2 protein chains.
Amino acid sequence: MGLVTPRTLSGFKDRLPKEALAKTYLLNKLSAVFMNFGFVPIETPHLEYADVLVKQGSDEIQKELYRFKDHGGRDVALRFDLTVPLARFVSQYKNEVDLPFKRFAIGNVFRGERAQRGRYREFTQCDFDFIGSDSISCDAEILQVIYASFVGLGIDEFTIWLNHRSILNGICEHCGVLGQKEINIALRIIDKLDKIGKENVGAELQRDLSLSSTQVDNLLEYTSIKQQGDSQSFFQEVSFMAEWNDSLKKGLDDLKALYEVLAPLQMDRDTYRVNFSIARGLGYYTGIVYESTLNALKSIGSVCSGGRYDNLTHTFSKTKMSGVGASIGIDRLLAALEELEILHKKATSARALIVCMDKTYFGYAHTLAESFRRSKVPIEVYPEISKLKKQFSYAHTKGHEFVIVIGENEFSTKTLTLKNMTSGMQIDNISFLKALTLIQEEEEEEMKI
Amino acid sequence: MGLVTPRTLSGFKDRLPKEALAKTYLLNKLSAVFMNFGFVPIETPHLEYADVLVKQGSDEIQKELYRFKDHGGRDVALRFDLTVPLARFVSQYKNEVDLPFKRFAIGNVFRGERAQRGRYREFTQCDFDFIGSDSISCDAEILQVIYASFVGLGIDEFTIWLNHRSILNGICEHCGVLGQKEINIALRIIDKLDKIGKENVGAELQRDLSLSSTQVDNLLEYTSIKQQGDSQSFFQEVSFMAEWNDSLKKGLDDLKALYEVLAPLQMDRDTYRVNFSIARGLGYYTGIVYESTLNALKSIGSVCSGGRYDNLTHTFSKTKMSGVGASIGIDRLLAALEELEILHKKATSARALIVCMDKTYFGYAHTLAESFRRSKVPIEVYPEISKLKKQFSYAHTKGHEFVIVIGENEFSTKTLTLKNMTSGMQIDNISFLKALTLIQEEEEEEMKI
């Protein structure tokens with residue numbers, strides 16, 4: 001019988017323990033933040049009827065869909081995001097789900113796009129949405145969740161950039177870019193401002209929309225406006241734009257209302273700022289939109305984006321369902337946290353490893369381990385009797401902070417020998433309680449996401 | 001444009017918040033137990049090359065495979081369990097993964113079997129394995145993890161039934177059932193002892209293996225042996241069987257060695273007992289095997305099963321890789337916990353809901369919410385201004401324990417009105433700190449998995 005070569009599909013990825021542990025800590029932390037705000041999980045299948053998924057998807061996504069016939073000849077596909085299943089879910093259970101409805105979902109989605117560095121065909125999405133209310137209180141809460149997520153992950157320096165689709169529409173209107181199609185083209189180009197710079201954006205605007213150079217200059221000038229100082233001065237500075245048209249007035253009023261709700265909170269004012277260039281999700285978002293960047297790693301782009309939409313369920317129902325939500329790019333965030341060195345960097349979840357010099361000590365070793373676990377110290381017992389050197393090397397590779405050795409003397413006196421793997425210090429024949437104190441004192445200072 | 005009917009595929013399932021929350025708490029608890037023992041998560045894709053999956057699968061599983069051609073014409077399939085991907089993983093990363101290797105995996109798997117009540121085509125598996133060591137210390141640790149999982153979930157009354165494949169082989173041999181094929185047929189029938197009873201098992205043994213009635217009686221007698229009292233008496237009682245053949249001697253010796261490691265631990269002795277009828281995973285398990293039942297719900301069968309195997313990676317490598325592991329049936333366990341009434345039964349993760357009588361109070365409401373969250377009280381702000389009756393009904397349906405009302409008086413005096421949704425008691429115009437104390441005092445007694 002021939003052997004099968006163990007391999008993964010191109011564009012698909014395994015996660016080894018170190019990376020999978022970091023991801024587990026990250027997702028646990030995020031879920032805890034969401035649940036603290038009363039967001040609840042829901043679960044939908046990975047596989048759906050293809051027509052449930054494709055109607056709402058863009059043409060590009062249709063091409064990337066993993067679509068096939070199942071055993072019953074049904075036309076099925078793997079989900080490509082968590083938003084379409086959410087729309088299907090709230091339409092299907094409209095009688096069971098009390099509005100307003102706050103849900104989060106963390107799950108894998110599939111897109112058969114051309115494989116390229118850093119892009120995977122199966123990847124994890126993390127979405128949270130507040131559905132069924134137009135209140136600014138929801139927008140304010142989504143922003144608080146983003147804020148609490150970053151702070152919870154140990155990220156101090158970040159910026160949530162805010163804008164409003166009506167502001168963009170109003171600027172376009174004022175500059176003579178009329179018609180939704182033209183506006184969308186303009187916004188898609190302006191969205192690249194941070195990536196390709198003013199000059200290239202200007203050239204593209206001129207080329208694709210045949211605008212005059214004055215029009216282009218105006219568009220660039222107004223969409224380049226960013227809040228620098230406090231919000232009150234900012235809204236005063238741009239108040240003249242509210243006079244231009246209803247769109248601009250509406251957008252600025254909404255942002256001001258948002259800032260009023262946020263004002264008394266203990267959120268660092270510097271972390272959220274208005275930026276008229278943020279466009280996001282053409283044709284989907286209709287109100288306040290946002291992107292978030294890490295100040296120390298601006299180049300990686302937005303790690304959390306979202307906004308308000310007014311018709312989530314249009315594929316499934318004639319009743320409009322509005323909401324506001326955001327999505328955290330888990331893979332991008334993990335990469336960023338690794339670069340910022342605030343990631344759990346070990347291949348084990350245990351702080352200590354117990355090694356035995358003889359197999360008759362296993363019972364004692366497991367009793368010790370049991371006591372450590374009751375005192376909230378994750379610990380494991382090395383299951384083989386082998387050379388100490390090999391066992392220490394195992395602990396070193398996996399990242400245990402301590403090794404506990406049980407030899408003849410330790411076994412007979414019901415003590416243990418404790419070695420601190422960082423300092424190299426070893427203390428012989430101490431009691432369990434003494435060891436526990438030493439281990440607890442060394443409780444890792446470094447962030448454990 | 002026609003509307004799409006929102007629906008799921010037959011055999012696939014959505015989870016509404018109440019159920020999804022309970023599942024989230026359950027999986028968080030289990031992960032914490034696994035990590036406490038130094039088991040680390042790994043992640044493999046949902047989609048694999050079909051030949052990676054099918055070679056190891058049984059014929060039945062091949063028929064149930066969701067298999068199709070991807071965009072590049074590759075023959076791909078959705079995973080049907082987490083064991084084959086594990087075997088692929090440890091073969092592929094044999095140089096990166098330090099042995100012994102302890103991993104857990106919680107993930108969805110897919111089987112296109114005929115849809116029937118309580119069986120789904122996509123379901124969640126939860127596996128933990130200790131690979132690359134034959135030491136009895138590993139078997140002991142897997143049992144401790146099962147024990148800690150049940151205790152952690154608030155289940156007091158459970159039994160882990162232990163057996164050894166060599167004991168079953170030895171009994172068959174002694175009764176004159178020879179040849180692995182015959183033994184496997186016999187074991188498959190004996191495995192149904194608890195379900196269909198002695199009489200039916202006897203009839204099937206006679207029919208399928210043409211055994212004499214003495215042979216059948218002997219087989220039934222020996223496989224019906226269960227440990228009733230303490231282990232020492234038990235092993236003494238069955239010691240005569242060790243004389244029959246090497247298989248029986250080996251099986252009993254291994255179980256005795258396991259009990260020696262477990263003896264000094266603070267595990268309730270009644271929770272693990274030898275049972276010679278447990279067969280499990282024919283052709284896969286080769287050593288100690290186990291099943292776990294809930295004493296109050298024996299009828300639902302085993303909620304956690306596993307055992308020792310000697311050749312995990314035979315599809316991928318000529319090098320044998322042994323290990324021991326177990327699998328928790330998440331859906332079955334959730335159903336059991338619901339029946340035992342030890343499940344989180346609410347549609348919200350928040351303990352309290354803040355409602356405002358006017359939208360100018362939202363800033364104050366969110367400030368209060370922020371303070372409660374800092375004091376570890378999950379809380380949410382109702383985003384609309386509506387009738388109190390509607391808001392109380394929302395809190396009642398979702399399961400909030402408290403409603404906090406902010407009216408004109410509360411807003412101007414920076415106080416709040418607190419209503420206990422269980423007792424109905426309402427206290428007007430109290431301070432944040434007073435409310436916090438009252439909420440903390442009422443910290444739910446009921447188990448929150």
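The values are calculated or read from the model by the stated rules, or taken from the named source; none is laboratory data. Note that the coordinates shown come from a computational prediction; the quantities given were computed from them, not determined experimentally. Here the Cβ is made from the backbone with ideal geometry for all residues, glycine too, and neighbour counts use every protein chain on show.
Below is a table of values for the structure above.
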item: Filter result (touching a residue at least 60 places away in the same chain (Cβ under 8 Å) and facing another protein chain (nearest Cβ under 7 Å)) within segment B:1-12; result: B:9, B:12
item: Which listed residue, of B:78, B:86, is facing chain A (nearest Cβ under 8 Å) and modelled with pLDDT of 95 or more; result: B:78
item: Single residue of A:387, A:414, A:359 found to be away from every other protein chain (no Cβ under 12 Å), over 15 Å from residue B:38 (Cα atoms) and among the charged types (D, E, K, R); result: A:387
item: Top-ranked residue of segment A:142-194 - restricted to ones that are free of Cβ contacts under 8 Å to residues at least 40 places away in the same chain and in a helix (DSSP H, G or I), ranked as farthest from residue A:208 (Cα to Cα); result: A:151
item: Matching option when the condition is of a type in the set (Lys, Arg), within 14 Å of chain B (Cβ to nearest Cβ) and at negative phi, among A:121, A:207, A:165; result: A:121
item: Helices (runs of 4 or more DSSP H) wholly inside segment B:319-438 that include at least 1 residues being touching a residue at least 60 places away in the same chain (Cβ under 8 Å), touching a Phe, Trp or Tyr at 6+ places or on another chain (Cβ under 9 Å) and closer than 30 Å to residue B:103 by Cα; result: B:330-339
item: Filtered residues of segment B:50-100 (kept if within 30 Å of residue A:395 (Cβ to Cβ) and acidic (Asp, Glu)); result: B:96, B:98
item: Options A:229, A:197: the member that is within 27 Å of the chain's Cα centre (by Cα) and surrounded by fewer than 19 Cβ atoms within 10 Å (Cβ to Cβ); result: A:197
item: Lone unmet requirement of (1) within 24 Å of residue A:121 (Cβ to Cβ); (2) within 8 Å of chain A (Cβ to nearest Cβ); (3) touching a strand residue (DSSP E or B) at 6+ places or on another chain (Cβ under 9 Å) for residue B:50; result: (2)
item: Number of positions in segment B:4-58 that are in a helix (DSSP H, G or I) and either of a type in the set (Val, Ile, Thr) or farther than 24 Å from residue A:72 by Cβ (or both); result: 23
item: Enumeration of residues in segment A:97-108 that are over 19 Å from residue A:23 (Cβ atoms), surrounded by 18 or more Cβ atoms within 10 Å (Cβ to Cβ) and of a type in the set (A, V, I, L, M, F, W, C); result: A:97, A:101
item: Residue in segment A:328-338 that is small (Gly, Ala, Ser) and either under 30 Å from residue A:383 (Cβ atoms) or within 12 Å of another protein chain (Cβ to nearest Cβ) (or both) present; result: no
item: Which numbered condition residue B:98 fails, given (1) touching a Lys or Arg at 6+ places or on another chain (Cβ under 7 Å); (2) at pLDDT 95 or above; result: (2)
item: Odd one out for residue A:52 among (1) over 28 Å from residue A:131 (Cα atoms); (2) modelled with pLDDT under 95; (3) buried (at least 21 other Cβ atoms within 10 Å of the Cβ); result: (1)
item: Of residues in segment B:284-318 being of a type in the set (A, V, I, L, M) and in contact with a helix residue (DSSP H, G or I) (Cβ under 8 Å, 6 or more places away or on another chain), the one farthest from residue B:100 (Cα to Cα); result: B:297
item: Boolean, residue B:327 is surrounded by fewer than 22 Cβ atoms within 10 Å (Cβ to Cβ) and in contact with a Cys (Cβ under 8 Å, 6 or more places away or on another chain); result: yes
item: Whichever residue in segment B:112-141 is out of contact with any Cys (no Cβ under 9 Å at 6 or more places or on another chain) and part of a helix (DSSP H, G or I) and, among such residues, is surrounded by the most Cβ atoms within 10 Å (Cβ to Cβ); result: B:139
item: Exclusive hit being in contact with a Gly (Cβ under 6 Å, 6 or more places away or on another chain) and on the phi < 0 side of the Ramachandran plot, set A:380, A:401; result: A:380
item: In segment B:395-411, the residues that are over 13 Å from residue B:366 (Cα atoms) and either within 14 Å of another protein chain (Cβ to nearest Cβ) or in contact with a Cys (Cβ under 7 Å, 6 or more places away or on another chain) (or both); result: B:395, B:396, B:397, B:398, B:399, B:400, B:401, B:402, B:403
item: Output for segment A:250-301, where each listed residue is closer than 16 Å to residue A:135 by Cα and aromatic (Phe, Trp, Tyr); result: A:259, A:285
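So that you can scan it fast, the table gives a plain yes or no per residue for (1) touching a residue at least 12 places away in the same chain (Cβ under 8 Å); (2) surrounded by fewer than 19 Cβ atoms within 10 Å (Cβ to Cβ); (3) more than 9 Å from chain B (Cβ to nearest Cβ); (4) of a type in the set (Ser, Thr, Tyr):
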site	(1), (2), (3), (4)
A:29	yes, yes, yes, no
A:40	yes, no, no, no
A:61	yes, yes, yes, no
A:82	yes, no, yes, no
A:95	no, yes, yes, no
A:110	yes, no, no, no
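Matching residues to (1) more than 24 Å from residue A:270 (Cα to Cα); (2) outside any helix (DSSP H, G or I); (3) in contact (Cβ under 8 Å) with a residue 24 or more places away in the chain; (4) not assigned by the TED database to the domain that holds residue A:297:
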residue	(1), (2), (3), (4)
A:208	yes, no, no, no
A:218	yes, no, yes, no
A:232	no, no, no, no
A:241	no, no, yes, no
